[in-house]
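The values are calculated or read from the model by the stated rules, or taken from the named source; none is laboratory data. Bear in mind that the values here come from a model prediction, so they are computed numbers and not experimental data. Every residue, glycine as well, gets a Cβ built from its backbone with ideal geometry; the counts of neighbours run over all protein chains shown. The area values use the complete protein model at the heavy-atom level, side chains included, leaving out ligands, DNA and RNA. Shrake-Rupley method; radii C 1.70, N 1.55, O 1.52, S 1.80 Å.
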Amino acid sequence: MGAVIDLRSDTVTRPTEAMRTAMARAEVGDDVYGEDPTVAALEERVAGLLGHEAALFVPTGSMGNVLAVRSLVAPGQEVLCEASAHIARAELGAHGAIGGVTMRTWRHPRGDVDLDAVRAMHAPDMGPFFVRTTCVSVENTHNFAGGTVVPLDRLRDLREWADGAGVGVHLDGARLWNAHVATGTPLADYGAQVDVASVCLSKGLGAPIGSLMVGSADAVAEARVWRKRLGGGMRQVGVLAAAGLHALDHHLERLADDHAHARLLAEACGVDPAGVETNIVVVERSDAAALVEKAAAEGVRVATVGPTTVRMVTHLDVSRDDAERAAAVLARLV
Ligand SMILES: Cc1ncc(COP(=O)(O)O)c(C=O)c1O
């Protein structure tokens, strides 16, 4: 058996030698004092990519989402999102526990925006009678729906409706890079449809840590205070920001390889590759746990994300050769 091929997540990558060199050479300073030039460069770069005024470097996508959502939703108000959104399912209730935010959800098999449902759920300010909707959150790409892309047109429709309703729009763009590479849509076009976003460097881009909350200068200034309040004020983290800058320079366009590898795996698992838009493949199996075990025994690590759902994710540390080897194993087992 060759080296283990780890398809559990795109967060399992290890920094490349070139990334480690960039990290070692980074200029640093105390970022709580606003004195880390590498962090400042990363924040400016990512804000620019999304066409927003400012960005804030945070340790995780979860913190980026908490800061972004709370910038639009006061305690006791609500955010609407898709039922399997990461903010609803996988942030351990942080938005309620920390932000005092309440949440209602619509269901969509591809994690898409259902504008009819949003319209129907939207609750304007009714004083002391109903929870007020102040934000709609979208996830692009959508993790648990299988790396699906929320189309730009749908986001434009949502933006138009939200402007009319006086509601903010949040984007969980942990994998927005994948949507950009898969569709060719400029990142700024996605950015233009939302008030605040969180994007991650530690997923497909292969950095060991790091996300950015992106938004207006005011929203980011307030988030800087909240980041510190949450214990996320960091010091000489230019070494980490350098990994992010290196990732943006060297690992963005190559995401197309991950998408091709994911289609290869899908085919091997009997999933229509045409439905695999980016780097995540979801396979429905009644024997999900057994499949995970059997694959592991053959050197291919995949994960369950539900009792009957197996997920595999391609990334920087999965070569074409690895993808072909994993596909051969999975084809045999499935
Ligand atoms: C869509 C999405 N949003 C947010 C996150 C949270 O990122 P982190 O693990 O850095 O908190 C993840 C993590 O996988 C994710 O998939």
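Working note: Cα gyration tensor of the chain, eigenvalues times five, square-rooted, sorted largest first, giving semi-axes of 32, 26, 17 Å. Averaged per residue, the chain has 41 square angstrom of accessible surface, using a 1.4 angstrom probe with ligands and nucleic acids left out.
With each label modelled as a point 7 angstrom along the Cα→C-beta vector, the Asp317-Ala188 pair spans 3.6 nm. Taking all Cα pairs closer than 8 Å and separated by 6 or more residues, the relative contact order of the chain comes to 26 percent. Dividing the C-alpha radius of gyration of the stretch 261-328 by 2.2 N^0.38 Å, with N its residue count, gives 1.01.
Measuring r between the beta carbons of Arg301 and Ala256 and using R0 = 25 Å, the FRET efficiency lands at 0.60. Mean sequence separation of contacting Cα pairs (under 8 Å, at least six apart), scaled by the length of the stretch 131-223, corresponds to a relative contact order of 25 percent.
How big is the antiparallel share of DSSP beta bridges in the chain, given as a percent to the nearest 5? Looking only at bridges with both residues in the chain, the antiparallel portion is about 50 percent. Here the stretch 93-157 and the stretch 271-330 have alpha carbon centers that stand 29 Å from each other. The alpha-carbon atoms of the stretch 191-271, seen along their principal axes, cover 48, 31, 22 angstrom, with the largest extent given first.
Counting only the heavy atoms of the protein chains, how much of Glu284 is accessible to a 1.4 Å probe, in Å² to the nearest 10? It works out to around 120 Å². Sorted on the mean count of surrounding Cβ atoms within 10 Å across their residues, most packed first, peptides 267-276, 189-198 read 189-198, 267-276.
A probe of 1.4 angstrom, applied to the heavy atoms of all protein chains, finds Glu17 with accessible area near 140 square angstrom. Could you pull the accessible area for Val225 with a 1.4 Å probe, rounded to 10 Å²? Roll a 1.4 Å probe over it and Val225 shows about 80 Å². Remark: accessible surface ordering of Val39, Val12 (largest first) is Val12, Val39, probe radius 1.4 Å. Mind pulling up the Rg/Rh value for the stretch 158-306? Radius of gyration and Kirkwood radius, both on Cα. So for the stretch 158-306, dividing Rg by the Kirkwood Rh gives 1.04.
The three principal axes of the C-alpha atoms in the stretch 17-62 carry coordinate ranges of 30, 25, 22 Å, sorted with the longest axis first.
Note on Leu230 and Asp218: the model spin-label points, each 7 Å out from Cα along the C-beta direction, lie 2.1 nm apart. Think of it as helices only: each DSSP H run of n ≥ 4 in the chain is worth -39500 (n - 2.57), and spread over all residues that comes to -12500 deg cm²/dmol at 222 nm. Highest mobility in the GNM of the chain, judged by mean-square fluctuation with C-alpha springs under 10 Å and restricted to Ala182, Ala165, Ala120, is found for Ala120. Counting Lys and Arg as +1 and Asp and Glu as -1 over every other residue whose Cβ lies under 9 Å from the Cβ of Ala241, the net charge comes to -3. Relative to its Kirkwood radius, the Cα radius of gyration of the stretch 157-213 gives an Rg/Rh of 1.04. Seen from a random direction on average, the alpha-carbon convex hull of the stretch 1-118 projects onto 11.5 square nanometres.
Using bins of 5 Å that start at zero, the share of Cα-Cα pairs per bin across the stretch 130-226 amounts to 3, 12, 22, 24, 20, 12, 5, 1, 0, in whole %.
Considering only Ala192, Val271, Pro151, the residue lying farthest towards the positive end of the dipole of the chain is Val271, judged by Cα position with unit charges set on Cβ. Label zone (Thr309, point 7 Å along Cα-to-C-beta; backbone nitrogen cut-off 14 Å) within the stretch 108-132: 108-112.
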